[in-house]
Amino acid sequence: MSLAAVAARRAMRARAEIATTLSAGRTALTVLRSSPPLTLRQTGPVTVHLVSTAAGPLGGDELELDLRVAPGTTLEVGSIASTLVLPGEGPSSMTVTAHVGAGASLRFAPEPTVLADGCDHRMAVRLSLDGDARVWWREEVVMGRYGEAGGRCVTRFDATAGGRPLLRQELELGTGPCSPAVLGGARCVGSVLTTRPCDTAVADGAVADGAVADGAVADGVVVMPLAGPGTLVQALAADAVELRERLDWGLAQVPPS
Amino acid sequence: MTPGLLLLTDSRLPAGSHAHSGGMEQAVKEGLVHDLASLESFLAGRLRTAGAVAAGFASQACAGHDPVELDAELDARTASPAQREAARTQGRLLLRVARRIWPSPALEELAGRLPSPHHPIALGVTAAVVGATPREAGAAAAYHAVTGPATAAVRLLGLDPVAVHRVLATLDLPSPDGLPAASAPLLDLLAERHRRSPVRLFVS
């Protein structure tokens with residue numbers, strides 16, 4: 001899309017959705033509703049990719065993606081390219097809501113979100129997992145395109161498992177001076193949440209005794225077994241390539257569930 | 001302000017806080033904090049993330065919200081096992097001394113339900129017992145989140161204690177309204193690295 005076209009387009013409200021159902025023992029994608037600029041393409045039996053059909057999100061855009069993974073089914077969501085968040089009229093937002101039913105599995109692995117100079121963005125994830133649901137959820141944020149400092153962004157992640165809080169995190173980017181307690185000089189921050197079935201959850205005291213459950217740490221990446229049934233791999237890096245390498249290293253340390 | 005709150009926030013209260021640096025020891029070791037300016041930046045970042053979360057939860061615990069539910073919510077906001085362990089160790093020690101200093105049914109009930117609560121929960125319930133308001137409990141938790149690391153920095157870097165206290169005096173205390181979930185990826189990284197470090201002065 002040309003720059004002139006970006007400047008001309010108005011703020012958009014969009015709500016796209018994907019839902020699965022169990023049909024004769026197999027996953028069927030029964031709802032696949034695009035809503036420009038969020039366009040969805042089925043790229044495999046249980047795989048959907050997000051394809052941007054307009055620039056942005058731009059300031060003023062309010063985008064929502066709803067995922068409903070029925071009990072016993074599988075869904076994989078990716079994106080064709082990274083998402084570039086641009087400034088515009090007011091703040092922009094992207095909210096992803098996902099419900100994963102009992103025994104179902106969701107892999108959410110989009111490409112990074114890049115915060116262009118001047119943007120004011122809000123990213124929210126609301127993830128609810130029923131008993132023994134599995135999730136693999138990646139989030140990567142890059143401050144600015146090459147040579148840019150990057151705009152503002154607040155990310156909020158809320159995950160519950162079996163009705164109990166599993167992970168709640170909020171991160172403010174570009175809203176104040178860099179702190180050596182928060183990001184230091186890193187330009188990229190990312191995480192992958194993986195879960196194990198609820199019934200294998202162990203108390204913190206028991207975790208402390210097990211070498212595997214103790215997590216792992218290396219340059220710019222940490223693998224953290226949560227108090228609930230999951231593990232968070234969190235990384236900081238200078239660029240998107242290094243960020244992905246660090247997350248992949250961390251994931252290799254997570255024992256298979 | 002009640003005299004009890006002053007005792008509760010005093011670093012001389014024998015509740016083991018002096019043994020924790022809140023990530024400062026590892027930050028110094030990795031060169032992230034090396035002078036007064038980097039110390040101020042570290043403390044400001046800690047205050048608006050870990051400090052704000054602790055303040056919100058201490059104020060809710062003081063207001064009488066179910067401590068077991070708050071404790072589970074704090075677990076969800078503390079991804080790092082090393083940070084959960086440090087928070088629960090400090091909570092257990094605070095609860096132990098508080099029960100002896102201010103014997104009360106509320107503290108006995110808390111100890112029965114949560115022997116090792118996250119520190120802000122122990123602080124909030126104790127604050128209510130000594131007659132403090134939820135807002136004061138939140139301020140006490142925020143204060144605790146930065147004074148320990150600041151004092152640790154004085155010892156680790158040999159900084160001028162008066163200059164460090166001037167830094168503390170100029171930090172903005174967050175409003176304890178609501179229940180924030182602000183996370184700090186580097187604090188997680190520092191906590192996990194510190195726990196694996198063979199030689200250390202502080203527990204966390």
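Binning the C-alpha pair distances of chain B at 10 Å intervals from 0 yields a P(r) profile of 9, 39, 37, 14, 1 %, listed from the shortest bin outward. Its alpha carbons considered, chain A gives a radius of gyration followed by a Dmax of 18.5, 60 Å. Size descriptors for the protein assembly as shown (Cα atoms only): Rg and Dmax, in that order, 22.7, 73 Å. Proximity of backbone amide H atoms, modeled 1.01 Å from N, is registered between B:HIS34 and B:LEU39 at under 5 Å, excluding neighbours fewer than 5 places apart on the same chain. Helix B:67-76 and the long axis of chain B differ in direction by around 30°, with both axes built from C-alpha atoms. A simple rule links phi to the HN-Hα coupling: the Karplus curve 6.51 cos²θ - 1.76 cosθ + 1.60 with θ = phi - 60°, which for segment A:184-191 gives x, x, 5, 9, 10, 9, x, 8 Hz, with x for Gly and Pro. The orientation-averaged shadow of the Cα convex hull for segment A:77-146, equal to a quarter of the hull surface, comes to 5.0 nm². In the neighborhood of A:GLY220, defined by Cβ-to-Cβ distances under 9 Å, what is the net charge if each Lys or Arg adds +1 and each Asp or Glu adds -1? Neighbourhood net charge equals -1.
Per residue, chain A reaches -3000 deg cm²/dmol at 222 nm when only DSSP H runs of four or more residues are counted, each adding -39500 (n - 2.57). In whole percents, the pair-distance distribution calculated for segment B:21-119 from its alpha-carbon pairs, binned every 5 Å from zero, is 2, 12, 19, 22, 17, 12, 9, 5, 2, 0. Exposure here means at most 16 other Cβ atoms within 10 Å; with GluC sites (Glu not before Pro) in a DSSP loop as sites, the longest stretch of chain A lacking them is A:149-257. The percentage of C-alpha pairs in segment A:50-199 whose separation is greater than 28 Å is 22%. Among B:ALA191, B:LEU159, B:GLY45, whose Cα lies farthest out toward the positive end of the dipole of segment B:21-195, if unit charges sit on the beta carbon of Lys, Arg (+1) and Asp, Glu (-1)? Toward the positive end, the furthest listed residue is B:LEU159.
Along chain A, counting only trypsin sites (Lys or Arg not before Pro) with a DSSP assignment other than H, G, I, E or B and at most 13 other Cβ atoms inside a 10 Å radius, the longest segment between sites is A:11-144. Near A:ALA161, the amide H atoms lying under 5 Å from its own belong to A:LEU129, A:LEU166; only residues 5 or more places off or on other chains count, and H is placed 1.01 Å from N.
We did not get these values from a lab; they are worked out from the coordinates using the rules stated. What you see is a predicted model; the values in this text were computed from it and never measured. Ideal geometry is used to build each Cβ from the backbone, glycine not excepted, and the neighbour counts take in all protein chains shown.
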